[in-house]
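Peer 1: This is the structure, below, for whatever I ask next.
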Amino acid sequence: MVTNTNNALSPTSWFPDSDASFHVIGNQQNIQQINPFKGLDQIFIGNGQGLPIHSSSSLFFLSQYNPKFSLALHNLLHVPNITKNLISVSKFAKGNSVFFEFHSTYCLVKYQATNEVLVYTWQSGS
């Protein structure tokens, strides 16, 4: 899936992942509040390979449909060797009071209180 955000993050692809324990980004270019990561912890990907965590941070962006809504990725891990930026569905939903609505070719992120669409994502490629 690709998230279209119409801001500084527009060229960046994000993939909602219901199995991800953390939000993960490969390039820290658009990250605010970077904190060097202390320790030897790694994230483990599907093939069992461990990838080192370089820093943790937060990232904020406005809803593409309602710029009054600022959405946040807290506890975002910078892992330079990751090939796809991942959004932990459960952490994002809890942290922003939203829910995900998955369809066959697209996904909506809606505000819990009003069901207002805040983010639209679509399937890209395979």
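Rule-based calculations on the coordinates, nothing more; no lab input. Note that this is a predicted model, so its numbers are computed, not measured. Reconstructed Cβ throughout: ideal geometry from the backbone, glycine too, with neighbour counts over all protein chains shown.
Peer 1: Only four residue types carry charge here, +1 at the Cβ of Lys and Arg and -1 at the Cβ of Asp and Glu. Report the dipole size of the chain about the Cα centre in Debye, rounded to the nearest 20.
Peer 2: 180 debye
Peer 1: Okay, moving on. ³J(HN,Hα) across the range 107-118 via Karplus (A = 6.51, B = -1.76, C = 1.60, θ = phi - 60°), whole Hz, x for Gly/Pro?
Peer 2: Once rounded to whole Hz, the list reads 9, 10, 10, 10, 6, 4, 5, 10, 6, 5, 6, 10.
Peer 1: Between K94 and S13, what is the FRET efficiency for a Förster distance of 22 Å, r being their Cβ-Cβ separation, to the nearest 0.05?
Peer 2: So, using R0 = 22 Å, E works out to roughly 0.45.
Peer 1: What list of ³J(HN,Hα) values in whole Hz, one per residue of the range 16-29 in order, does the Karplus curve 6.51 cos²θ - 1.76 cosθ + 1.60 (θ = phi - 60°) give from phi, with Gly and Pro shown as x?
Peer 2: Coupling constants for the range 16-29: x, 10, 6, 8, 6, 8, 9, 7, 9, 10, x, 10, 8, 4 Hz.
Peer 1: Can you check what the net charge comes to around V109, using other residues whose Cβ is under 14 Å from the Cβ of V109 (Lys, Arg +1; Asp, Glu -1)?
Peer 2: Overall, the nearby charge balance is 0.
Peer 1: Can you check what the net charge comes to around A93, using other residues whose Cβ is under 15 Å from the Cβ of A93 (Lys, Arg +1; Asp, Glu -1)?
Peer 2: -1
Peer 1: Along its principal axes, what span do the Cα atoms of the range 14-96 show, with the longest given first and each in whole Å?
Peer 2: 39, 25, 20
Peer 1: Can you work out the FRET efficiency for the pair S58 and Q29, with r the C-beta to C-beta distance and R0 = 22 Å, to the nearest 0.05?
Peer 2: Step by step, r from the Cβ atoms, then E = 0.90.
Peer 1: Identify, among H78, S90, I43, the residue whose Cα sits farthest towards the positive end of the charge dipole of the chain, taking +1 on the Cβ of Lys and Arg and -1 on the Cβ of Asp and Glu, with the dipole about the Cα centre.
Peer 2: Farthest towards the positive pole: H78.
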